Amino acid sequence: MNTITICVGTSCHLRGSHHAINRLSELIKEHGLENKVELKASFCMDRCAEGTIAAEVDGRPIYDLTEDTVDEVFKREILDRES
């Protein structure tokens with residue numbers, strides 16, 4: 001099982017983490033991955049200065065998650081690794 005963790009601390013919230021969580025949830029359902037991908041929220045992940053939404057997939061930091069890159073990150077980090 002893959003685990004996606006998204007920061008919901010103040011800085012990331014202002015950058016759109018709520019949108020990212022909602023979109024990731026939709027993508028997980030669209031691709032029928034509810035039993036393969038767990039989506040979790042975390043309070044501050046201490047990456048506020050990076051300018052993106054702090055996120056991890058299976059403990060690996062993701063450095064390019066924004067409201068605009070959610071689909072791309074999901075494809076790269078989940079779908080491409082499933083095949």
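The values are calculated or read from the model by the stated rules, or taken from the named source; none is laboratory data. Since this is a predicted model, take the numbers as computed values, not measurements. Note that each Cβ is placed from the backbone with ideal geometry, even for glycine, and that neighbours are counted across all protein chains shown. Accessible surface is based on the protein model in full, side chains and every heavy atom, while ligands, DNA and RNA are left aside. Shrake-Rupley method; radii C 1.70, N 1.55, O 1.52, S 1.80 Å.
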The chain - mean residue ellipticity at 222 nm from DSSP helices (-39,500 (n - 2.57) per run, n ≥ 4, rounded to 500): -8000 deg cm²/dmol
Sites matching GluC sites (Glu not before Pro) across segment 11-63 that sit in DSSP coil, with at most 14 neighbouring C-beta atoms within 10 Å: E34
Per residue accessible area of segment 36-83, 1.4 Å probe, in Å²: 61 Å²
Sparse-neighbourhood loop sites, trypsin sites (Lys or Arg not before Pro) in segment 20-56 - DSSP loop, at most 13 other Cβ within 10 angstrom: K36
Ellipsoid equivalent to the chain - semi-axes via the Cα gyration tensor, in Å: 20, 12, 11
The chain - percent of accessible surface contributed by carbon and sulfur, probe 1.4 Å: 49 percent
Solitary cysteines of the chain, where the nearest other Cys Cβ is not under 4.7 Å: C44, C48
In the chain, chymotrypsin sites (Phe, Trp or Tyr not before Pro) in a DSSP loop with at most 10 other beta-carbon atoms within 10 Å: F43
